[in-house]
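Everything below concerns the one structure shown next.
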Amino acid sequence: MNREKVLVTSALPYANGRIHLGHLSGAYLPADIYVRYKRLKGDDIIYICGSDEHGVPITITADKEKVSPKVIIDRYHELNKSAFEKFGMSFDIYSRTSLPIHHKTAQEFFKCYYDQELLVEKKSMQFYDEKVKMFLPDRYVEGTCPRCGYEEARSDECEKCGSLYEPSELINPKSKISGETPVLKETSHWYFPLGKYQERLEKYIAGMSEKYGWKDNVLQYCRSWFKDGLKDRAYTRDLDWGVKVPIDGAEGKVLYVWFEAVLGYISATKELSEIRNNSGLWKKYWQDTGTKYIAFIGKDNIVFHTIIFPAMLMAWNDVSEEKYLLPQNVPANEFLNFEGKKFSKSRGWGVDVLEFLEIFPSDPLRYTLAANLPENKDTDFYWKEFQGRNNGELADILGNFINRTFTFAFKHFDGKVPAADNLDKIDLEMIELMKSYPGKVGSLIERYKIKDAVFEMMNLARAGNKYFNDSEPWVSVKKNKEKCAATINICLNAIYTLGELFEPVVPFSSEKIFKMLNTQKCEWEKCGELNLKAGHKLNQPEILFTKIEDNVIEEQINKLGVVEGEAPKSETTKDEEITIEDFKRVKLKVAKIISAERVKKSEKLLKLQIDLGTEQRQVVAGIAKSYEPEELIGKKIMVVANLKPAKLFGLDSQGMILALDTAENGKVKLIEADASIEPGTTAK
């Protein structure tokens, strides 16, 4: 049997925030399912990922928290690494672009281009924020697209229509840092001649697509870029944090992160070579023509992996004897939304992976996401659907089939696999069905149709339940125990098949299944056979999937739209009516803020000490994005004085301050009292 050598990468998540469910559905879970399947097939495969740790967003966060960028990347690298581990991601390495091995690799690529005089130094006008004294990257300028009118376009690219334009063309630009209108200021940068590679890139993509079946959404995105014509792209930027430009006269400049980050796949594989004490390992996967390279990404990363990175590798290959492989396929997914809306941390809309896994186990989440992957269009995660998938499919179909089979085996056959003699038509049909499933499911995964593969996996569990019901072992155990034995034998072997087929999707549950079966997995192609022989001793079964109660899901739904330190927002568009007596129960008083400080490990919360005239209290409020602590001292504000005390981030909060929702980047405006009003005065 031919064994494939495969290199798989997933887009490097940015180390400036926590991984949420949308990220998993885009670049990570589909790749993990593919990799686990290929390992079960016995293929030679490595899976590479890591944190993208450079760029302005990190420096902005660091400035806000008054810490170094390293503090930010260390925090989120560890948080996201932990989230991936708990979720069951099977990376061979999860590296970092802040490591010296990455800086060296990225600088080698730049120096190669520079020495070959491929790069062009050009002066250009870039947006500059005079208030914060810095040049602004495209992600930190927002305005109206000159092509389609989209009002949240970046300075040089519209995410909605995919158009490229000069910064000077952006309509009504605003700095996302200060909110001010930036000015255009001259600076000098080195540019990569992307347009030089357009014809080669078009041929490369057309050839790969024809041979390996690229997804339509990827091809359409590429065609839109080619239609506009590829242009020179700045390779450097004005910034302190990042990979330093390795030539004289480039002080204060770093490599642009969208050029440098993709090289993290190569540097991470080099690091893996060092870890495994195999210096040639990285070349085996990156430069051996017998390897196929698959890049899993979300749709927002299509251009980097189908156009920019391949062009960079082409440029290297033109002048070097060591030739890098280009991606054979880039199976990008669309976006996963949350309950009908985009994920928004500032608005409390969504849930990150670590939060989710504190409440629920990983496998039901993996299954729900896999069964609803946004492979060809955007999809949504709904709490009710998650509950339905867990209860109605994992528990009632797969779990039920396993439980009822084991119950029969232990009750009537001493916990052993009974013999399967004198098989009849229904038995033979089930055996043939099992044999067909490794090929059926495997073919879908090979073509990146993960959602369809998951559907077929559960179909076999459905077939197992139907076979069990149609065979009526509760009848045959009394009238024809030999027939009952054959039924239970085939059902146990079907569980073996299901345990392996489902392993890429629910690996933790699969491990439990094989522990219960008291055996090991075999090669993928053979898992549909009768692998359990008569007399084989089974281990005691356990419940694999626990049903989720309605109140647990309702609790999660009620959290939607609630930001740390803020009261829940009404879920209805019409205000709920209350009586005058209801209102009289609320005690609104004037309070004077006497001290304020940030809450550690929270981006939103401030700890306030307030004077209510007759007493002083501590209140924790979610206003850190709207006010600096020092500007609050002495302000007279309105407070709900008789609110039941609560704990936020472990701190007591005795009251709630009142503020106006400005609907502007999650900011609020405090309701202030006249300076002449004494603390403790009651509002009526």
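The values are calculated or read from the model by the stated rules, or taken from the named source; none is laboratory data. Just so you know, these numbers come straight off a predicted model, no measurement behind them. Glycine gets a Cβ as well: all are built from the backbone with ideal geometry, and neighbour counts include every protein chain shown. Accessible surface areas use protein heavy atoms only, side chains included; no ligands, DNA or RNA. Shrake-Rupley method; radii C 1.70, N 1.55, O 1.52, S 1.80 Å.
Miscellaneous remarks
- Whole-Å semi-axes of the ellipsoid equivalent to the stretch 275-423 (Cα gyration tensor, √5λ, descending): 42, 28, 14
- The residues of the stretch 277-349 expose on average 37 square angstrom of accessible surface per residue, using a 1.4 Å probe on protein heavy atoms.
- The Cys residues in the chain with no partner Cys Cβ within less than 4.7 Å of their Cβ are Cys49, Cys112, Cys222, Cys484, Cys491, Cys522, Cys527.
- On the principal axes of its alpha carbon atoms, the stretch 265-307 extends 36, 22, 13 Å, with the longest extent given first.
- The accessible area of Thr519, taken with all protein chains in place and a 1.4 Å probe, comes to roughly 40 Å².
- Most to least packed among 669-682, 291-304 [average Cβ atoms within 10 Å]: 291-304, 669-682
- Where Arg147, Arg617 fall by accessible area, highest first, once all protein chains stay in place (1.4 Å): Arg147, Arg617
- For Leu643, nonlocal amide neighbours, meaning residues 5 or more places apart or on other chains whose placed amide H falls under 5 Å from its own, are Met656.
- Coupling constants for the stretch 403-411 follow from the phi torsions by the Karplus curve (6.51 cos²θ - 1.76 cosθ + 1.60, θ = phi - 60°), and in residue order they are 5, 5, 5, 5, 4, 5, 4, 7, 6 Hz; glycine and proline get x.
- Note, ³J(HN,Hα) from phi for the stretch 173-178, Karplus 6.51, -1.76, 1.60, rounded to Hz, x at Gly and Pro: x, 9, 6, 7, 8, 9
- Rg over Rh for the chain works out to 1.03, using Cα positions for both radii and the Kirkwood form for Rh.
- Accessible surface of the stretch 242-379, 1.4 Å probe, proportion on carbon and sulfur as whole %: 46 percent
- Note on the stretch 515-561: with neighbouring protein chains present and a 1.4 Å probe, carbon and sulfur make up 46 percent of its accessible heavy-atom surface.
- Three-way shape call for the stretch 44-193 based on the alpha-carbon gyration tensor, with the a/c threshold at 1.5: prolate
- Under-5 Å amide H pairs with Arg96, H placed in peptide plane, nonlocal only: Ser51
- Solvent-accessible heavy-atom area per residue, rounded to whole Å², over the stretch 210-267 at 1.4 Å: 44 Å²
- Over the stretch 444-530: Rg over Rh, Cα atoms, Kirkwood Rh: 1.03
- Solvent accessible area, Å² - Trp474, 1.4 Å probe, full protein context: 110 Å²
- Rounded to the nearest 20, the size of the Cβ-charge dipole of the chain about its Cα centre is 1080 debye, with Lys and Arg at +1 and Asp and Glu at -1.
- Amide H to amide H distances under 5 Å link Val243 with Leu255, where only residues 5 or more positions off or on other chains count and H is placed in the peptide plane.
- Packing-based order for 544-553, 44-53, using average beta carbon neighbours within 10 Å, highest first: 44-53, 544-553
- Solvent-accessible area, 1.4 Å probe, carbon plus sulfur percent, for the stretch 576-684: 51 percent
- Rounded to 5, percent antiparallel among DSSP beta bridges of the chain: 70 percent
- For the stretch 114-183, a Kirkwood hydrodynamic radius built from all Cα pairs, placed in the Stokes-Einstein relation at 25 °C and 0.890 mPa s, yields a translational diffusion coefficient of 193 µm²/s.
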